[in-house]
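Written out below as structure tokens is the structure these notes cover.
The values are calculated or read from the model by the stated rules, or taken from the named source; none is laboratory data. In this text, all values refer to a predicted model and were calculated from it rather than measured experimentally. Quick reminder, even Gly has a Cβ in these numbers, built from the backbone with ideal geometry, and neighbours come from all protein chains shown.
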Amino acid sequence: MIRRDGSLDPKPWADVNAKFGIRWVEFFHGGLSGIAFDPAFARNHFVYVVTQVPDKKTGFAKKSLIVRFKEVKGRGRSPRILLTIPASKFDNTYSLVVGPDGMLYIPSGFLGSSRGKGADPLGDLRGKILRVTLDGKAPGDNPYGLQAPRVWATGFKNTFDLAFFPRGGVAIGGDNGTVGHDEINLLMPGHNYGYPKHEGFTRIRRLMPPMLDYGSDSTAPVGIIYYRGRRYPALRGRFLMCENHGRGMLALRIDRSDPVRLRRLTPVVQECTLDIVQTADGSIVFSDAAAIYRLAPA
């Protein structure tokens, strides 16, 4: 927990590894990587996290857990597992977002084959955008019905994060390709984004093409937010996305009247290589592997 003065509380808010008996001996895309606050946090004190659990034999991630904690006296207590998602050595579940409709959206990864082998069945929770209630249950109005009650969209390899348009049911998110063909996608319910049979731009009618196909560049789009604060007027109304291997934080210009078109990508700061959030006062806080930063107003 980071205090108001920027110092780190030496005692963890919660120790997820201790709570679930997790012991990592290898690290390949595993560990606690996503946190989201309940919209009614001031009343119910719920916090949601996603973490991987390793296989005791191989040391690689075996499953991802969506866990709800309750804050009691400044610490995370009473963890409850809401959902379990299969995991593997690479491309797992790294974030979770509470959408404008109050549902929990969970992008899950899937390392399949772009040649059509290992295609992900619709009922497989990997390679999807999942949409569940804040109790982890199927809401009953997802696009695939009883066939895949928790699935909102399908056909992804590794969508690290997503962010919604305000007052809208569509979102923006990246997807990291196998070798190149990273993507930025307009995410909509009931659509198939191609993976593992197809990556990058396509004209196949039943598949949703990306807004941007990076081609041979492997920039790895990761954390993303829609900025609605007033501290940085030039960024207001833009999506801000981080690239893990690229240009850091980018400001995305997308017109609400024509959201399929990505009109401009503007580099902002290089250190944003992991995740990004907007705080209550309108500040932009972001991270790389070394530190957590706050963007300074121009």
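A few points about this structure:
- In the range 180-208, residue surrounded by the most Cβ atoms within 10 Å (Cβ to Cβ) [restricted to those that are within 21 Å of V151 (Cβ to Cβ) and basic (K, R)]: K197
- First in the range 35-58 and at positive phi, second anywhere and modelled with pLDDT under 95 and outside any helix (DSSP H, G or I), Cβ under 7 Å, 6 or more apart: none
- For R23, the criteria (1) within 23 Å of L125 (Cα to Cα); (2) free of Cβ contacts under 8 Å to residues at least 40 places away in the same chain hold in every case but one, which is (1).
- Some residue of the range 5-14 being touching a residue at least 60 places away in the same chain (Cβ under 8 Å), out of contact with any helix residue (DSSP H, G or I) (no Cβ under 7 Å at 6 or more places or on another chain) and not in a loop (DSSP other than H, G, I, E, B): no
- Residues that are surrounded by 15 or more Cβ atoms within 10 Å (Cβ to Cβ) and either among the aliphatic types (A, V, I, L, M) or in a loop (DSSP other than H, G, I, E, B) (or both) within the range 35-54 comprise I35, A36, D38, H45, V47, V49, V50, V53, listed in sequence order.
- Just one of the numbered conditions (1) among the hydroxyl-bearing types (S, T, Y); (2) surrounded by 15 or more Cβ atoms within 10 Å (Cβ to Cβ); (3) more than 17 Å from the chain's Cα centre (by Cα) is not true of S7: (2).
- Top-ranked residue in the range 138-164 [being assigned to a loop (DSSP other than H, G, I, E, B) and free of Cβ contacts under 8 Å to residues at least 12 places away in the same chain; ranked as surrounded by the most Cβ atoms within 10 Å (Cβ to Cβ)]: P149
- When residues of the range 18-32 are limited to those that are under 22 Å from D288 (Cα atoms) and either modelled with pLDDT of 90 or more or of a type in the set (D, E) (or both), the one farthest from the chain's Cα centre (by Cα): E26
- Some residue of the range 187-194 being within 19 Å of L274 (Cβ to Cβ), in contact (Cβ under 8 Å) with a residue 40 or more places away in the chain and assigned to a loop (DSSP other than H, G, I, E, B): no
- If you go through the range 237-263 and keep only what is under 22 Å from G169 (Cβ atoms) and surrounded by fewer than 20 Cβ atoms within 10 Å (Cβ to Cβ), you end up with G237, R253, D255, R256, S257, D258, P259, V260, R261, L262, R263.
- Only listed residue being closer than 21 Å to F164 by Cβ and β-branched (V, I, T), chosen from I292, I276, I204: I276
- Test result for L32, in contact with a strand residue (DSSP E or B) (Cβ under 9 Å, 6 or more places away or on another chain), aliphatic (A, V, I, L, M), assigned to a loop (DSSP other than H, G, I, E, B) and within 21 Å of F160 (Cβ to Cβ): yes
- Output for the range 168-185, where each listed residue is within 14 Å of the chain's Cα centre (by Cα) and within 21 Å of Y227 (Cβ to Cβ): A171, I172, G173, G174, I184, N185
- Out of G190, G140, G145, one residue alone is out of contact with any Pro (no Cβ under 9 Å at 6 or more places or on another chain) and on the phi > 0 side of the Ramachandran plot. It is G145.
- Scanning the range 95-123 for residues that are crowded, with 21+ Cβ neighbours inside 10 Å, modelled with pLDDT of 95 or more and in a loop (DSSP other than H, G, I, E, B) turns up S95, L96, S108.
- Breaking point among (1) crowded, with 17+ Cβ neighbours inside 10 Å; (2) under 24 Å from S257 (Cα atoms); (3) touching a residue at least 60 places away in the same chain (Cβ under 8 Å), for N176: (2)
- Unique match (being surrounded by fewer than 24 Cβ atoms within 10 Å (Cβ to Cβ) and assigned to a strand (DSSP E or B)) among R131, R126, R167: R131
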